[in-house]
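Taking it in order: structure first as structure tokens, then the write-up.
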Amino acid sequence: MTNLQLCALEWILDQYKEKKPKDPTIAEKFNTYRFADYKEQVIDLLMRVCRVSVETMNIVNQMSDN
């Protein structure tokens with residue numbers, strides 16, 4: 001994998017990770033996000049990003065061969 005691919009994957013994981021609000025009132029009343037609730041969608045998104053990366057590399061390699 002290239003650095004660009006790692007950055008895309010890391011960005012996705014960072015966006016979907018559980019983050020605890022610092023304010024206890026907000027954490028108590030509004031902290032309802034659970035990664036487990038979105039696990040399948042995140043896995044699907046990661047697979048699509050990986051596929052686009054692989055396909056892009058295949059196109060680039062074909063272009064350089066010509």
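The values are calculated or read from the model by the stated rules, or taken from the named source; none is laboratory data. Nothing here was measured: the structure is a model prediction, and the numbers come from that model. Ligands, DNA and RNA are stripped out before the accessible areas are found, and what is left, the full protein with its side chains, is counted by its heavy atoms. Shrake-Rupley method; radii C 1.70, N 1.55, O 1.52, S 1.80 Å.
Quick notes on this one:
- Scope the stretch 28-49; condition among the acidic types (Asp, Glu) and open to solvent by less than 90 Å² (accessible area, probe 1.4 Å); matching residues: 44
- Residue selected from the stretch 10-25 under the condition open to solvent by 80 Å² or more (accessible area, probe 1.4 Å) and over 23 Å from residue 53 (Cα atoms), by the criterion farthest from the chain's Cα centre (by Cα): 24
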